[in-house]
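One structure is given below, encoded as structure tokens.
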Ligand code: XMP
């Protein structure tokens, strides 16, 4: 083959900006569209939105907020194993029908100890147990908040603690909590040992967030990022999370495949692998890695990516999704497709779903919310939140995510650092994106997300067309003023 032939059947690596959804015959109104989807074989989402595992995007607060709204946050891995496990633990403890890993204290602990525990574990009430583990009381924030720090737990605890047996139903627990006007009900076995805790807060939260995605114990679904090479992290997280997501820029790599096989052998959590961007990569994941639950797709499209600038390598998210979706269909696989990178608005998600994605992963969009860990800064009278790529110098300083990129690039950044406009709470973003997505589904005439893939037709837009599609010939207010 001559070098000139390299372009002969070359694909156009299309991006979201290059296409439009064609309006189709519709029998539904946008409000009737159903945006439920899945993120892995077994985890269903109420909204098809996932936040990126980046240290300016997803820590426990984001993961809790998104899961409560029916989406999913993937905890970042740019921290110690202990820190990531602690984030996962907080997500799992945020809600539960019954808390199983109950933190208990001894009667001779001091109030100072309690305050420390409260701070590190974010818990406000503790069953008190004796040396044999039998319950002897309960101590809550109300009992010790004004107490002298040197006092002992036994001096302030409630001794005639109300408990209930292991077969207590939620309705019975509710009645007991109400009858005794208490907030926490320890569940004990025949030997009076604490086996669980039911709280009024959890019962109330269940009603407050009816769209939340929960496991069979009523806890929020939790996902966390790992390096395929960090078995220790994967095993430690496995105790708390439902989903592990590999977090490398180019997963179609022998070393990554060999490493992730060991992870798949060791963990119970479902494993999403990526990022990948070609048919061949998807084919290899589906045929060589048994048990993969999902594929994270797109290379170089992220708003903070400089991979394709530095290396001229990449597979834009839209193009990558079409490639991977073809492989998934050809192999009759039920692995999911998570389109990741470059998504700015609900229309981009609609396009991703139209070419076979199950859901969309976003960094930039969620980085601007109150729940992201990035710093809030004021610039020229407006609020922004810090946002940087995991391959940027800022992220790499922490060193934990350095193996996201291949060896030689350790000396060169593949991401940039900056600020994104502050956009309010996750609640607002989710409802704005659901509204936009439903409107797009209305134009296509798709009632469900699988119908988007079946029915949606796409057209290409020229470079000049992009100008016409965006607001034009008008003076716009704000910092991005243009005519
Ligand atoms: P958005 O467009 O939502 O993209 O901000 C987020 C996704 O970008 C990827 N990511 C990076 N890619 N260099 C890259 O080439 C980086 O430094 C970097 N950091 C994150 C990642 O897939 C994320 O979900």
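General remarks:
- Residue 440 being modelled with pLDDT under 85, assigned by TED's automatic domain parsing to the domain that holds residue 345, surrounded by 20 or more Cβ atoms within 10 Å (Cβ to Cβ) and within 30 Å of residue 212 (Cα to Cα): no
- Test: residue 402 is under 25 Å from residue 229 (Cβ atoms), in the same structural domain as residue 49 (by TED's automatic domain parsing) and away from the ligand (no atom under 12 Å from the Cβ): no
- Segment 294-318, residues that are modelled with pLDDT of 95 or more and surrounded by fewer than 24 Cβ atoms within 10 Å (Cβ to Cβ): 316
Yes or no, residue by residue, for (1) in contact with a helix residue (DSSP H, G or I) (Cβ under 8 Å, 6 or more places away or on another chain); (2) at pLDDT 95 or above; (3) within 14 Å of the ligand (Cβ to nearest atom):
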residue	(1), (2), (3)
345	yes, yes, yes
372	yes, yes, yes
377	no, no, no
381	no, no, no
388	yes, no, yes
395	no, no, yes
398	no, no, yes
412	yes, no, yes
427	yes, yes, no
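- Scanning segment 192-210 for residues that are surrounded by 15 or more Cβ atoms within 10 Å (Cβ to Cβ) and in a loop (DSSP other than H, G, I, E, B) turns up 192, 209.
- Matching residues in segment 141-171 - criterion: being at pLDDT below 90 and closer than 18 Å to residue 194 by Cα: 166, 167, 168, 169, 170
- The condition (being surrounded by fewer than 20 Cβ atoms within 10 Å (Cβ to Cβ), within 18 Å of residue 77 (Cα to Cα) and in contact with a helix residue (DSSP H, G or I) (Cβ under 7 Å, 6 or more places away or on another chain)) is satisfied by just one residue among 241, 267, 248: 267.
- Within segment 24-40, the residues that satisfy the criterion of being part of a loop (DSSP other than H, G, I, E, B) and surrounded by 12 or more Cβ atoms within 10 Å (Cβ to Cβ) are 24, 26, 28, 33, 35, 36, 39, 40.
- Residue match in segment 97-104 (condition: more than 26 Å from residue 278 (Cα to Cα), in contact with a strand residue (DSSP E or B) (Cβ under 9 Å, 6 or more places away or on another chain) and without any contact (Cβ under 8 Å) to a residue 40 or more places away in the chain): yes
- Test: residue 291 is on the phi > 0 side of the Ramachandran plot and either within 14 Å of the ligand (Cβ to nearest atom) or modelled with pLDDT of 95 or more (or both): no
- Breaking point among (1) without any contact (Cβ under 8 Å) to a residue 60 or more places away in the chain; (2) in contact with a strand residue (DSSP E or B) (Cβ under 9 Å, 6 or more places away or on another chain); (3) within 27 Å of residue 306 (Cβ to Cβ), for residue 395: (1)
The values are calculated or read from the model by the stated rules, or taken from the named source; none is laboratory data. These numbers come from a predicted model, not from an experiment. A quick note on method: Cβ atoms are made from the backbone with ideal geometry, for glycine too, and the neighbour counts reach across all protein chains shown.
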